[in-house]
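A short write-up of the structure that comes next.
The values are calculated or read from the model by the stated rules, or taken from the named source; none is laboratory data. Since the model is a prediction, treat every value here as computed from it, not as a measurement. Here Cβ is always computed from backbone atoms with ideal geometry, including for glycine, and neighbour counts include all displayed protein chains. Heads up: the accessible areas ignore ligands, DNA and RNA and are worked out on the full protein's heavy atoms, side chains in. Shrake-Rupley method; radii C 1.70, N 1.55, O 1.52, S 1.80 Å.
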Amino acid sequence: MSERFEPRIVAFVCTWCTYAGADLAGTSRYVYPPNVRLIRVPCTGRVDASFILKAFESGADGVLVSGCHPGDCHYTSGNLHARRRWNVFRELLRFVGIGDDRLAFSWVSAAEGRKFADLVCDLTERVRAAGPFDGYGRMSYIAEALAAECGQQGPAESPDDRDGREGRA
Amino acid sequence: MTPLTLKIDRLGDLLAKMAAAGFRIVAPVASAESDTSATAPRPRQAVRFAVVGPQDYARVDLTATPAAEGIKRFFLPQSEAVVRMRQNEGQSAQVSDISPDAPPTIIFGARPCDAAALPVLDRVFSWDSDDRSWSHRRQQTLVITIACQSSDAACFCTSIGGAPDSTAGSDALLVPQDDGTMQVRLVGERGEKLRQFFDADDAGSAAPREDATTGDSGKAGQVTVVPPRFDISGVRSWIENNFDDKLWDQAALACLGCGACTYGCPTCHCFDLVDEGTEQSSLRRRNWDSCQFRNFTEHASGHNPRPWQTQRYRQRIAHKFAYFPERFGTTLCTGCGRCVRVCPAGVSLLEIVGRIAAKGKIEEGRADG
Amino acid sequence: MNHSSAEQLQQVAASALAVGSVKLVIGHAAGAAGDRAAACFVDSDDNVGRLTIASPGVATNLAVYATRPEISHLSPIAVVADPPTLRALVGLLQEGQVEADRLRVIALWPQTAEVSQSPSDSADDDAGAWKVSGSVQTMEQVLASHEWVAHGQWTAAAQADDLVERLLKMSDAERWQFWSAEFARCSRCYACRASCPLCYCRRCVAEKNQPQWIDTSATPRGNFAWNVIRAFHLAGRCIDCGACERACPQGLPLGALNEFLRRTVAEKFDYRAGLEVDSTPPLADFRTDDPEEFIR
Amino acid sequence: MDNHYLPMMAEIREIVDQTHDVRTLRLRLKSADDIESFRWQAGQFGLFSAFGEGESTFCIGNPPTRPGHIEITFKQAGRVTSALRQLDVGDTIGVRGPYGNAFPIDDVFRGRDVVFVGGGIGIAPVRAVYLNCLDRRDEFGRLMIIGGARTADDFPFLDETCALAGAGHEVTVGVTIDPGRESSNWPHRVGLVPDVLREMVEQASPAVNTAEAVAIVCGPPVMIKFTLPVLHSLGFADERVYTTLENRMKCGIGKCGRCNVGSRYVCKDGPVFTAAELHRLPNDL
């Protein structure tokens, strides 16, 4: 396997700070890897725990959540509520087996184009080092075993995740 | 015909013989879950039916009455993909059939109350049109039951017309004998397929028992006695005539509206069809569903024919003891008592149907008088 | 069985119902069959005889009924409440799910340090281990009592510590493997949700389908999402009664998830759920100096 | 043995927006065999799927006298209807059916006066029947169509319904919206459907032979609840008052247990029931 693993990273970014920061990174022509798919949300406070799970379910190898620095929230305290949530959800995900190497949180302001580019570079390398997130793939073997037990052929899980995998190195 | 016996210490040999003949074996095994459970294990819950290989034969546990999880899922899987759909960009959508593919299977050690549910469900799955998945798994699967040697306070098969040594739904029934052997009763043509696995009873002690009837009064061997809990005769008519009785409110008050009873029930068969996946690639799955869930009947408009737990609880009881009998001529319950055992709130169908039976009796009496 | 406690409970309930100071008493009765205690609703002093004191190891948390719409027309209602039930009621008051004016309790206080936790005990074996409060009380009165100070944190949930410790020693991949296998058994009967007093949402996230956040199929994927989200929605709110795990017909070790989150919330926010009506649940709150060492 | 859950494929040929949230799709089955075998009667339904989202139950909105396509009209309400609204002409949807019973047009309606009452999205199933009857106009007596909606903006098939009266069909048409919801330029009736029904039947000339007539009522549960007693008091026999039940369904073929009312499977014994049959069912609708 000579080909390098290109991780898929989903980033939930707030529209007021990090999205603008990512924009600045682009207009400033900072180079960062194309592995990140940005999903713009009004505020990090909008990022429900199920968004993060859904991203992993849908084939993400890593997830980033990023928004305004404390004190800068467009809605005063959305990011502070979000911070509390991450404090706990991050621990819970670790406890069920999705470790810190696949999950990142950051504050990136509209002025921090450089920081955004660096962040994405670092995160991409970190997730690359962690390798493909195959947790759901392993899960589908359990599903197949269960389905076979009940006398069923064919796919036990929806095929979309694994199709995504097939197209990749 | 020569009576057949099974020496229970030869169980491993029997299972191996069946496996060698090409059958997959499903049997009740003690699960290891109690190791991981944070609370003390509830012993009864640890026995479940699972596919077993030679390494598992020693774990086969024939003592649970009945097992925490029954055999329903081997005929009606909890979740089953039935259609695969694909639609690629710029191409038209395609659907493909996913057919059931159960290997020839012997379920060994089921309880008569679990097996009795099979012919009951045959009625709904074969009326008007045949349900392919159900029929296929029924065809592929032989069921060997064991007459119960023990029962508990939740057991009420005899009140439903069943018995701890009923052969309904079984292809063979094993009846434990005082000498530690099991007498084998083969049932019907399908049962004959099992003859090859059992030894002829050389001693010829027991007379051949060809009767496939239920509730055999002269109980052979060590079959337990399940005392009658209620007289079912007035139940259906009481339910039909007392749709708005306050008994339903009282009975349902403690009900928390989970699906534990329906999922454990050998006769509950309601299901959902859902698509999972994306527009490009998805599976249509058939999943167990429960009439106890609020959204079971809820329309997208928000209208719900059964918005209250009282109505949903009544539906469950009425479906089992009035609607299904009216439609299909048999009660949708085998008296296994699993719903009573699993209910987190201690709601007892046995108790409630008992109350209905008592009321029905009184009404019947009035009608006669 | 010690009759005196159960009889005392019946007396307290009977006199409150007789004078009309409560309209309904929610307690436990001996289960009709099996090990489990049954929830029991007593609306007149004629049928208080059914009330008994159930071992928390075989009973559901009665606070779950305080939010039931079927009895919303009855006021006030009295809940027979051991400390975990009281904590659940604190949670419901705190989150505005039940009105203080409508709620009374008949408090049960553990008499001995070691009230039996064995689920194999019959429902009323433990009666002697409990002290019944002498009268129906408001939650305000209970929370001001010295019994609350002494016993408020008492829990019957067998500690999931061992399992949590074991899991914490594993690698991420091993933990994933462990939970995938456990969750694979989940039948999605939602007994955990139904028996949880703090899971009161009229429409659960598991029923939201636009989009379908959580697959409804009882397949490992949907089961994983459901169990993780269920636990997370109770983070900082779970009052550690163990009702979910006792309710689970598949024997999932839900207590370990709850215990882990309880620890996390305690460590990070110095908070324990179910103790103060006037506090804000930690995940509905923030402080400007909350931990953020993990945020870049 | 067949997989009953495997849908036929159909292409969306035409999209018509009836109101802001009610849309009609005209579909054509892709396979010639399917077209050949898809024979239906007014009142029957199908299960229509948006792939990846699921199936929904709709009545087949065009009468068998207007074959060649399948028409469905639905209101955006849930996951599937929202997904169906995202589809364009040329897209594919899944079709299962036709399922259920039908209105007994040949056995009962023929030779009688027929009164059609539809409310809101309930106009769609009624329309399949009146179009069917209009296409066979000389087989029936008087035909009267009453359509109602909350507001003019919620009125599916409004123009089409109004135009029927002048199309030489010998049909009486009344359309109405709820009191208080009319604007100054609303030229039609204002009033609740049961009231308009009573007025139109009572004032009909020549009179409707209600004792022998047939009535069809579809609409929201509350409208049906208040319309049935009016029909009864006008002299309609419960055995000849028809409605279609809209219970939630999954399988459509009498297995899944979702649509059950009492011992009846709405998907097999219905969706068409007479008022007399409804009275015999448990009050679980």
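Structural remarks
- Pairwise alpha-carbon distances in chain B exceed 29 Å for 47% of all pairs.
- Average beta carbon contacts from partner chains per residue of A:79-85, 10 Å cutoff: 6
- Fraction of the pair-distance distribution of the range D:1-90 above 23 Å, Cα-Cα pairs, percent: 19 percent
- Contact order relative to length of the range B:58-181, as percent, for alpha carbon pairs under 8 angstrom and 6 or more apart: 27 percent
- When cysteine pairs in chain C are screened for C-beta atoms closer than 4.7 angstrom, the residues that find no partner are C:C40, C:C186, C:C189, C:C201, C:C204, C:C238, C:C241, C:C248.
- Rolling a 1.4 Å probe over the protein heavy atoms leaves B:R84 with an accessible area of roughly 50 Å².
- Sorted largest first, extent of the range A:66-158 alpha carbons per principal axis (Å): 57, 27, 22
- Among the listed pairs B:K72/D:K250; B:K320/D:K250; A:K54/C:K208, those whose Cα-Cα separation exceeds 18 Å are B:K72/D:K250; B:K320/D:K250.
- Per-bin percent of Cα-Cα distances, the range A:19-113 [5 Å]: 3, 12, 23, 23, 19, 14, 5, 1
- The figure for D:S82 is an accessible area of roughly 20 square angstrom, using a 1.4 Å probe on the protein chains alone.
- Convex hull of alpha carbon positions in the range B:229-291: directionally averaged projected area 6.9 nm².
- Taking every alpha-carbon pair under 8 Å whose residues sit at least 6 apart, the range D:6-111 reaches a relative contact order of 36 percent.
- Taken residue by residue and averaged, Cβ atoms of other chains lying within 10 Å of the Cβ of C:243-256 number 6.
- Given a 1.4 Å probe and the protein chains as shown, D:I121 ends up with an accessible area of around 70 Å².
- Volume per residue for chain A equals 119 cubic angstrom (convex hull of Cα atoms).
- Accessible surface ranking for B:E276, B:E189, D:E160, 1.4 angstrom probe, highest first: B:E189, D:E160, B:E276.
- Two-site FRET efficiency, C:D101 against C:D46, from Cβ-Cβ distance with R₀ of 25 Å, rounded to 0.05: 0.40
- Using the Cβ-Cβ distance between C:L168 and A:R138 with R0 = 22 Å, the FRET efficiency computed as 1/(1 + (r/R0)^6) comes to roughly 0.55.
- Cα Rg, Dmax, chain C, angstrom units: 19.6, 65
- Solvent-accessible area per residue for the range C:203-296 (1.4 angstrom probe, square angstrom): 34 Å²
- Residue-averaged 222 nm ellipticity for chain D, from DSSP H runs of 4+ at -39500 (n - 2.57), nearest 500: -6500 deg cm²/dmol
- Rg ratio for the range C:167-240: its Cα radius of gyration over 2.2 N^0.38 Å, N being its residue count, equals 1.16.
- Using only the C-alpha atoms, the convex hull of the protein assembly as shown corresponds to 214 Å³ per residue.
- Computed across the range C:229-283, the Kirkwood hydrodynamic radius from all distinct Cα-Cα pairs reaches 11.6 Å.
- Computed [θ] at 222 nm, helices only, for chain A once each DSSP H run of length n ≥ 4 contributes -39500 (n - 2.57): -14500 deg cm²/dmol
- Modelled this way, with points 7 Å down the Cα-to-C-beta line, the labels at A:R4 and D:H69 are 5.4 nm from one another.
- Sorting A:H74, B:H299 by accessible area puts them as A:H74, B:H299; the probe is 1.4 Å, largest comes first, and only protein heavy atoms count.
- Helix-only mean residue ellipticity at 222 nm for chain B, each DSSP H run of n ≥ 4 adding -39500 (n - 2.57), per residue, nearest 500: -7000 deg cm²/dmol
- Against the rule of thumb 2.2 N^0.38 Å, how large the Cα Rg of chain D comes out: 0.97
- Per-residue mean of C-beta atoms belonging to partner chains within 10 Å, peptide A:65-77: 1
- Neighbour cut-off at most 14 other Cβ (10 Å), DSSP loop, trypsin sites (Lys or Arg not before Pro), the range D:5-52: D:R39
- Mean Cα-pair separation over length for chain D, i.e. relative contact order, pairs under 8 Å, 6 or more apart, %: 17 percent
- Cα-based values for the range B:215-322, radius of gyration first and Dmax second, are 18.9, 63 Å.
- Working note: Karplus 6.51/-1.76/1.60 with θ = phi - 60° gives the range D:68-77 the couplings x, 8, 10, 10, 10, 10, 9, 9, 5, 9 Hz, where Gly and Pro are set to x.
- Most tightly packed first, judged by the mean number of other beta-carbon atoms within 10 Å of their residues, the peptides C:247-260, C:199-212 read C:247-260, C:199-212.
- A/C buried area, accessible surface, summed, 1.4 Å probe, Å²: 4400 Å²
- Kirkwood estimate for the range C:48-109, i.e. one over the average of 1/r between Cα atoms, Å: 12.1 Å
- The spread of Cα positions in the range B:144-204, taken along each principal axis and listed from longest to shortest, comes to 37, 28, 15 Å.
- Take the Cα of B:K17, go 7 Å toward its beta carbon, and none of the backbone nitrogen atoms of the range B:98-125 fall under 14 Å from that spot.
- Accessible surface, the range A:1-141, averaged per residue in Å² (probe 1.4 Å): 38 Å²
- List C:Y271, A:Y75, B:Y313, ordered by accessible area with a 1.4 Å probe, largest first: A:Y75, C:Y271, B:Y313
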